[in-house]
Every structure is written in C-alpha cells, then in structure tokens.
Amino acid sequence: MKISVIGTGYVGLVTGVCLSEVGHDVTCVDIDEKKVQNMRKGISPIFEPGLDELMTKNINEQRLSFTSDYQEAMVDKEIVFIAVGTPQSKDGSAELTYLKKACKSIAAHMTDDLIVITKSTVPVGTNEYVKELIDKNKTNSYKVSVVSNPEFLREGSAIHDTYHGDRIVIGSEEQEALDCVKEVYASFTVPILETDLRSAEMIKYASNAFLATKISFINELGNLCERLGANIENVAKGMGMDKRIGDKFLNAGVGYGGSCFPKDTNALVSIGNSVGYYMSIVDSVIETNEKQQRIIIDKIKEFYPDLSNKKVAVLGLAFKPNTDDMRDAPSIKVIRELVDNEAEVYAYDPIAKENAKIFLPGGTIYKDSIDETIEDKDFAIIMTDWQDIKEYPLDQLKNKLKNPTLFDGRNCFNLQKVEEIGLEYHSIGRPS
Ligand code: UGA
C-alpha cells in the first residue's frame, strides 16, 4: 500500500520504517530539511536500537523515502498517518499547532480519497476536528475518512513493540476505513481492537495514566516500607504474583519521566477540567511523582546537610535506559538541586550526554566513563539503570569514591552484596 507518514519523531519514524519493512511503499514527511537529508542517508535523528539498520535496508530496497515537500509526499497516497508532536502547553493541555498545520497541508495536497490515521496522542474529539479541518480547507471533492490509531511503543524497544505489541487499537465511525487500516497491519501478529473514534483516543490516555498510577502507587508504598522496615521489592513480587495486579511497572525508583507519562497525565487532568470533571486519582499520581523525583535529594541531605563544594558523581541522565531522551528526566531536577546547593556535579550517561547539555545546568561536568566520573568524588548517585551502571563492580566503586557512599535511585544492586562489600548504600523503599 502507498502510505505517507507526517512527522518523523519517535512514533512517526518508527511507524514509517516498520511499515516499509513489511512491504508498504512509505514516504515520511518532515518540515526540517536537514533532518530529511540525514534520514535519506539512513541516519536516524533519534537513538533507537536497530532503527538505523532497518532504515538503511528499506531505503536501499526503495520502499522508504523522506521529503520535506508535502506535494511530493501526498502524490498517489490513499493513506496518511499523522504522527506529529502534541507537546504540553502552559495550562497542561495538549498543544495541537503541529497537528493543525499537518491537516491544512493534507487538505492542500491530497490527490485522492484519503484515510487519515492519527497516531499522535490527541484529546478526545480531536479526530473529528481533524476531519472537519481537512474538509474545510480542501478545494477538491475527494472523501476524507479518519481513524484513531494510538501508539503504545516504548522508547528503547520501539521496533520490537511495533511488531510484537499487546494490541493495535483502531477507532473509527466508518467500517470501510477500519477494514483498510486492518490491511495495513495484516502482516503484524498483533491482536487488533476495533472501536469507536472517541474510545480509541481515550484508550491511549487511559493506558498511560494507569501505568503512571502503578508507578506512583509503588513509589508511595516504597516510601512507607522504608519507614516500617519492609522491602518494596519483596512487596512488589508478592503483589505481582496476583494476575489481576500483574508484575510489570512495579519497580520503585525516582519516579517516571520521559515525553509521555508526564505530558499525558497532565493532559488527562486538563481534559477532565474542560468538561467539569476533576480527575483526582490522576492528579495525585502527578503530585506523588513530582515529590518522588526529589526523594534522592532528601536522602542525601540527611547525610550531607551542607552540599557546598561536595564533589558528586551522577550516573545515568536519560529518563530511562536505552534512550538518549532527556525530556522530563528525573536527573534534571536532582542535578539542578545539587547545583543550587553549590555541589560540584560530575555526570555520566553512555548515550544521552549531548542531549543532557541542553537540559542540565551550566557548570555540570560531563565525563565519558564511570571510572572517571566516580574517581575521588564524595559520593555517587544512580539516576538511570543502564546496563553498564548495573554491572559496574561494587568493590571498584567503593575503592574509587572518597567516601564510599552510593544513593541508588533505581535499586540496581542486591542488598546482601552491598553489605558484603561494605558500601554505605541507600536505595528506594528498601532497608538501608
Ligand atoms: C510509555 C509507555 O510505556 C508506552 O506504552 C507509550 O507508547 C509511550 O509512553 C508513549 O506514550 O509514547 P516510554 O515513555 O517510552 O513509554 O517509557 P516507559 O518504559 O513506559 O517508562 C516511563 C517511565 O517510567 C521511565 O522514567 C521509567 O523509568 C519509569 N518506570 C517504569 C518506573 O519508574 N518504574 C517502572 O516499574 C516502570
């Protein structure tokens, strides 16, 4: 099938590449000409394991192309995916500027009846607006059908999630459009849920908010466990064995970050407010997460009330492993607080260093290895559970630090091992 994908962020690019890999003829459009030129050479603008290779393969086999020209992108296309960003605006709601621009460009350049599939996370009712906007702006008589097809992939495992996700959700009021989208995904071995337009839009927010709720819930319990001498890992294990609860997303830590959970939980509260309904649980989830992102600082201050001139090693900066994404990473708040308290911050991340420079305060000193970062520092903090950080030998860590103290925001190490090594160790929700 001939498909256009508008927007080459995480969702758009991965969708375009994965659809070309299963045999579709895909043109990805982005307004950023420099980005387009790089993508034509197989250089992905994001760090995602396996993506560059798959891009290059499909470009070479002529199923995948990139352009900044809408006219070129829309020629002969019957299906267009919208995958532009919907960032958070000041009042917490989703910002739809890019989506509106995409709709106007589609209207101006469509060359046939068109199925518009929205992958971007958008407030309930937006797909109806997409149809209205395209219909209002087009000067032709082609028919426009809209389908909501929210994305559930995770950064860092995006390709795997695309082909092996738990479900593909497609919502529309038009059965013919739904049948056509089913054909797009015919070679995926993923169950498809067909539903109405508004429910599909809601499923995305509901899923992200529910996962965020699991995380804030386990974090809150972890804080309680610390005060009662219980261990959150054992508690989560016991809870997770109940199939109704499930064992995923019950890892206590420094809170969730990234480009999705913070934005989507805020958007859901804002959607509720817009119709006069207060989403009290989701609001509490957000508040608990904001507190949790500071929890490491509170622990550190118990030991080092005066942080001025303390040399601090921060291991891991990205919001989670296997990505260079720094958006809403808990490390940002922690490092800001350390710098505000006049500590000297030495930071390490295997991939996110360049992006980190955009988000972290000036004065942060970046190092290229764990060894260099921890050498002679007063103490170390783990903010992201990258594999190389989890596998770093604890005896080496103990020997290199000036004061052998580790504040672990991701519960990377076994308590017994830490005790054997004789490291002063503070993690989340577990006995110290
Ligand atoms: C999330 C969802 O998992 C995807 O299904 C969804 O498609 C995506 O948002 C989106 O809306 O685009 P992602 O943000 O890539 O994916 O990352 P996750 O792996 O879900 O992790 C989010 C945050 O939660 C990270 O900061 C992670 O460290 C934290 N987390 C996760 C915990 O603190 N504890 C856990 O047990 C799990």
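Every read-out reported here was derived from the displayed coordinates using simple, explicitly stated rules and does not represent laboratory data. Predicted model only: the values in this text are computed from it and were never measured. Cβ placement follows ideal geometry from the backbone for every residue including glycine, while neighbour counts extend to all protein chains displayed.
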Task: Cβ-placed point charges (K, R +1; D, E -1), dipole of the range 58-97 about Cα centre in debye, nearest 20 - done: 120 debye
Task: Percent RCO, i.e. relative contact order, over the chain, from Cα pairs under 8 Å lying at least 6 residues apart - done: 11 percent
TODO: Quick one: dipole size for the range 1-72, taken about the Cα centre, charges +1 on Lys/Arg Cβ and -1 on Asp/Glu Cβ, in debye to the nearest 20.
DONE: 60 debye
TODO: Pop a pseudo-label 7 angstrom from the Cα along the beta-carbon direction at both F188 and K301 and give the gap in nm to one decimal.
DONE: 4.6 nm
Open item on the list: Could you tell me how far the Cα centroid of the range 384-409 sits from the Cα centroid of the range 320-338, in Å?
Closed with: 18 Å
TODO: Calculate the dipole size of the chain relative to its Cα centre from +1 charges on Lys and Arg beta carbons and -1 charges on Asp and Glu beta carbons; express the result in debye to the nearest 20.
DONE: 420 debye
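Based on the Cα coordinates of the chain, what is the per residue volume of their convex hull in Å³? Please list the in-between numbers first.
Values: hull volume 64.5 nm³, N = 432.
With only Cα atoms used, the chain gives 149 Å³ per residue.
What number, rounded to the nearest 500 deg cm²/dmol, is the helix-based mean residue ellipticity at 222 nm of the chain, given -39500 (n - 2.57) per DSSP H run of at least four residues and division by all its residues?
Dividing the helical sum by the residues of the chain leaves -13500 deg cm²/dmol.
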Task: Distance violations [Cα-Cα > 31 Å] among K357/K402; K57/K138; K57/K119 - done: K57/K138
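Around P45, with a cut-off of 11 angstrom between Cβ atoms, what is the net charge of the other residues, counting Lys and Arg +1 and Asp and Glu -1? Don't jump to the answer; show the numbers that get you there.
Numbers: positive: K34, K35; negative: D30, D32, E48, D52, D324.
Within the 11 Å Cβ shell, the charges total -3.
Rounded if a/c is under 1.5, else prolate if a/b beats b/c, else oblate: with a ≥ b ≥ c from the C-alpha gyration tensor eigenvalues square-rooted, which is the range 2-195?
In terms of gyration-tensor shape, rounded.
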- [ ] Putting +1 on Lys and Arg Cβ atoms and -1 on Asp and Glu Cβ atoms, find which of M55, G16, S89 reaches farthest to the positive end of the dipole of the range 2-195.
- [x] S89
- [ ] Can you put H24, H164 in order of Cβ neighbours within 10 angstrom, beginning with the fewest?
- [x] H164, H24
